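The values are calculated or read from the model by the stated rules, or taken from the named source; none is laboratory data. Because the structure is a prediction, the values reported are computed rather than measured. Cβ atoms come from the backbone with ideal geometry, glycine included; neighbour counts cover every protein chain shown. The accessibility values were calculated without ligands, DNA or RNA, using every heavy atom of the protein model including side chains. Shrake-Rupley method; radii C 1.70, N 1.55, O 1.52, S 1.80 Å.
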Amino acid sequence: MIDVSSMTTPALLLDARKLRRNVELATQRAKALGVQLRPHMKTSKSVDVARLMLGETWTSMAVSTVPEVAALFSAGVRNIRYTSPFDHRKLADLKPMIQSGLEFETLIDDPSRVAALSAAAVAHSCSIHLLIELDVDGYRAGAATEATDLIAFAKEITERPGLSFGGIYSFAGKTYRLPRRADRTELIAQHRAALVRLAEDLRLAGINPPTIGIGGSPVLESAETLDGLTEVCAGVYCFQDLTQAGIGVTDVDDLAVSVLSTVTQHQPATGRIFVDAGSLALSLDRSTGTQETDQGYGLVCDAASGLPLGDGDIIVARTSQEHGLVQRRNGAVAPADLLPIGARVRILPNHVCMTAAGHSTYKTFNSAPDEAREWRRVSGWQVEKYDADISNWIGG
């Protein structure tokens, strides 16, 4: 239970007990599969969450922005992989960290970019580890596995100054769209087979890939084997969300993050009920819209218990910038007696990465006695230099 009566809404709530449980399950699963788990910070954007995800292995993590790099490096993480498409001009901000001990990695899928990255690394007196990203399932980025001369690509990286070859990686993005576990397992097997085959090709050419990695939280739940791989990179598993629950990767009860909101308005003539969480607090992500159960812009739950209201079919059906319309999933009017004006509700997110992005802090509960009740998020894309001490660099 949580006392939400005095909180200003909307607010981003984080159940630390569920967070710990999710992290423990993922860690155990990675161990069972025989791979290293590299947590991704893009979901939480929080050093406090990162500490729980890394546990005693406070060494390697993945990020999507430079401020995330700065926050983690300030906290003591030394091996950080940047997984978004990387603009070599960002090295200007990364240079002080790399020269202070940061092992910086990033992904590349275009051989024509190697020269520019090498030139930038040399100009900034930096060293960059490059992993070749491969497109196995046609979901997003990555070099086409059959159309890429991987050996020539890797050799060019090893021969260029300022660069080193970090290995190969693929993101199993299409697993997020597959509601049947058997289909996810089969797709992951395709990724594994492609990576293992290509890694062997590299070895036969005298090139050792230090990392043979796969990305995606569903991989942890659905893989039968990852033999031949070294790593899984994943992030959303720490919080989980309705999209993950919708494909059966997790249960709604496992979702660690929700948005606290207040019922602010009734329209007696139409039966419409509004809350003070709109598109900025919830995001406009509609990931569940193509799933069997459409959760609108979020599932409405009791504020104290976190359990779905009514028959589990009360959702935020529409949003404006700062308010949302609450209805039943079939479009019927929501029960006013469950949602009186002034009532607090928790709204579970479709895509937690997007929902959390609208907030600066987490209001945590079920925390350990020595933990703060408010955890800061790293926001924005700029790194502000407050003084010469790198430990005081944060995102702004």
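Here are a few things to note about the model shown:
- Y386 vs. criteria farther than 30 Å from P268 by Cα, modelled with pLDDT of 95 or more and not small (G, A, S): no
- Lone qualifier among L102, L94 - being buried (at least 18 other Cβ atoms within 10 Å of the Cβ), more than 23 Å from A234 (Cβ to Cβ) and either free of Cβ contacts under 8 Å to residues at least 60 places away in the same chain or aliphatic (A, V, I, L, M) (or both): L94
- Cβ-Cβ contacts under 6 Å between residues 6 or more apart (or on different chains), taken from a first residue in the range 350-363 that is surrounded by fewer than 22 Cβ atoms within 10 Å (Cβ to Cβ) to a second residue that is among the hydrophobic types (A, V, I, L, M, F, W, C), are listed as G358/L280; G358/A281; H359/L12; K363/A11; K363/L13.
- Of all the numbered requirements in (1) in contact (Cβ under 8 Å) with a residue 40 or more places away in the chain; (2) in contact with a helix residue (DSSP H, G or I) (Cβ under 7 Å, 6 or more places away or on another chain); (3) more than 26 Å from A115 (Cα to Cα); (4) in a helix (DSSP H, G or I), F153 misses one, and that requirement is (3).
- The set of residues from the range 252-272 being in contact with a helix residue (DSSP H, G or I) (Cβ under 7 Å, 6 or more places away or on another chain), open to solvent by 10 Å² or more (accessible area, probe 1.4 Å) and of a type in the set (V, I, T) comprises just one member, V252.
- For the range 127-136, a residue qualifies if it is touching a helix residue (DSSP H, G or I) at 6+ places or on another chain (Cβ under 8 Å) and surrounded by fewer than 19 Cβ atoms within 10 Å (Cβ to Cβ), and exactly one does: S127.
- For Q321, the criteria (1) open to solvent by 30 Å² or more (accessible area, probe 1.4 Å); (2) in contact with a Lys or Arg (Cβ under 6 Å, 6 or more places away or on another chain) hold in every case but one, which is (2).
- Residues satisfying the stated conditions in the range 127-150, i.e. assigned to a strand (DSSP E or B) and among the charged types (D, E, K, R): E133, D135
- Residues of the range 41-51 that are open to solvent by less than 10 Å² (accessible area, probe 1.4 Å) and of a type outside the set (G, A, S): M41, T43, V49.
- Residue within the range 144-156 that is closer than 16 Å to G215 by Cβ and modelled with pLDDT under 95 present: yes
- Pairs with Cβ under 6 Å, 6+ apart, first in the range 319-338 and in contact (Cβ under 8 Å) with a residue 60 or more places away in the chain, second surrounded by fewer than 11 Cβ atoms within 10 Å (Cβ to Cβ): none
- Entirely in the range 312-377, the strands (runs of 3 or more DSSP E) that have 1 or more residues that are closer than 14 Å to V300 by Cβ: 314-319, 324-328, 344-348
- Consider the range 156-182 and keep the residues that are among the hydroxyl-bearing types (S, T, Y) and in a helix (DSSP H, G or I). The one that is most open to solvent (accessible area, probe 1.4 Å) is T158.
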